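A.B. asks: Attaching a single structure in structure tokens format; questions to follow.
The values are calculated or read from the model by the stated rules, or taken from the named source; none is laboratory data. Just so you know, these numbers come straight off a predicted model, no measurement behind them. Cβ placement follows ideal geometry from the backbone for every residue including glycine, while neighbour counts extend to all protein chains displayed.
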Amino acid sequence: MNESQQQAFEQQLNLMAPAFQEAIRAVPWEAKTMAIGQKHKLYLDQVDELVTEVALMLVGLTSSDDFAKRIREELLIDYDMANNLVRELNLEVLDHVLEVAQQKTPSEAPQAVPVQTVNPLENATVAPMSSATPSSQPSIMEQVTSGVFKVAPEKTTITSLDPYREPLE
């Protein structure tokens, strides 16, 4: 975590309810997050980014709805690994912080809000064919049939064998 992020973390932490302040300070979330990162064989800089993202999310500087997406983007990992990290962080870190906060003030502590995992097709949209605007240029098929567009003949001669294959005998 860089210096400005650390300052923002501390300022936001001081604005939180006392139960959450105590819970975040009492739970070894940094060590647990680092252990989870190492368990998933992340590089050292990725583990540091993971700790930063967890810290920012714990104090509300980033949304829990975007947590998996931010982890995926900041750590440069795929969807499956990001979702696995989020699940494990939920179980080992975030739920533990929430439990400690509820123990401090059970009547005031809010209920757990699960962090959403990333669905790569969630925001995908497909335009219906009727809404597609026709292009001002003729299609490739029209170009071929009108003679404007000429296709070069393919050359399919094999000049040498693949050097990585063993000959069959």
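A.B. asks: Could you tell me whether GLU49 is free of Cβ contacts under 8 Å to residues at least 24 places away in the same chain and crowded, with 17+ Cβ neighbours inside 10 Å? Give the derivation first.
C.D. replies: Numbers: free of Cβ contacts under 8 Å to residues at least 24 places away in the same chain: no; crowded, with 17+ Cβ neighbours inside 10 Å: yes.
Spelling it out, it is not the case that GLU49 is free of Cβ contacts under 8 Å to residues at least 24 places away in the same chain and crowded, with 17+ Cβ neighbours inside 10 Å.
A.B. asks: Please work out if LEU58 is of a type outside the set (Phe, Trp, Tyr), at pLDDT below 90 and under 21 Å from LEU15 (Cα atoms).
C.D. replies: On the way: of a type outside the set (Phe, Trp, Tyr): yes; at pLDDT below 90: no; under 21 Å from LEU15 (Cα atoms): yes.
Against the criterion (of a type outside the set (Phe, Trp, Tyr), at pLDDT below 90 and under 21 Å from LEU15 (Cα atoms)), LEU58 does not qualify.
A.B. asks: Would you tally the residues in region 36-45 being surrounded by fewer than 17 Cβ atoms within 10 Å (Cβ to Cβ) and either touching a His at 6+ places or on another chain (Cβ under 6 Å) or not in a loop (DSSP other than H, G, I, E, B) (or both)?
C.D. replies: 4
A.B. asks: Has region 51-67 got any residue that is on the phi > 0 side of the Ramachandran plot and either part of a loop (DSSP other than H, G, I, E, B) or touching a strand residue (DSSP E or B) at 6+ places or on another chain (Cβ under 8 Å) (or both)?
C.D. replies: Here is the first cut: in region 51-67, the ones on the phi > 0 side of the Ramachandran plot are 60.
Narrowing further to those that are either part of a loop (DSSP other than H, G, I, E, B) or touching a strand residue (DSSP E or B) at 6+ places or on another chain (Cβ under 8 Å) (or both): 60.
Scanning region 51-67 turns up at least one residue that is on the phi > 0 side of the Ramachandran plot and either part of a loop (DSSP other than H, G, I, E, B) or touching a strand residue (DSSP E or B) at 6+ places or on another chain (Cβ under 8 Å) (or both).
A.B. asks: Please enumerate the residues belonging to region 3-22 that are out of contact with any Asp or Glu (no Cβ under 8 Å at 6 or more places or on another chain) and either without any contact (Cβ under 8 Å) to a residue 24 or more places away in the chain or surrounded by 17 or more Cβ atoms within 10 Å (Cβ to Cβ) (or both). Give the derivation first.
C.D. replies: Quick first cut of region 3-22, residues out of contact with any Asp or Glu (no Cβ under 8 Å at 6 or more places or on another chain) only: 3-16, 18, 20-22.
Result: GLU3, SER4, GLN6, GLN7, PHE9, GLU10, GLN11, LEU13, ASN14, LEU15, PHE20, GLN21.
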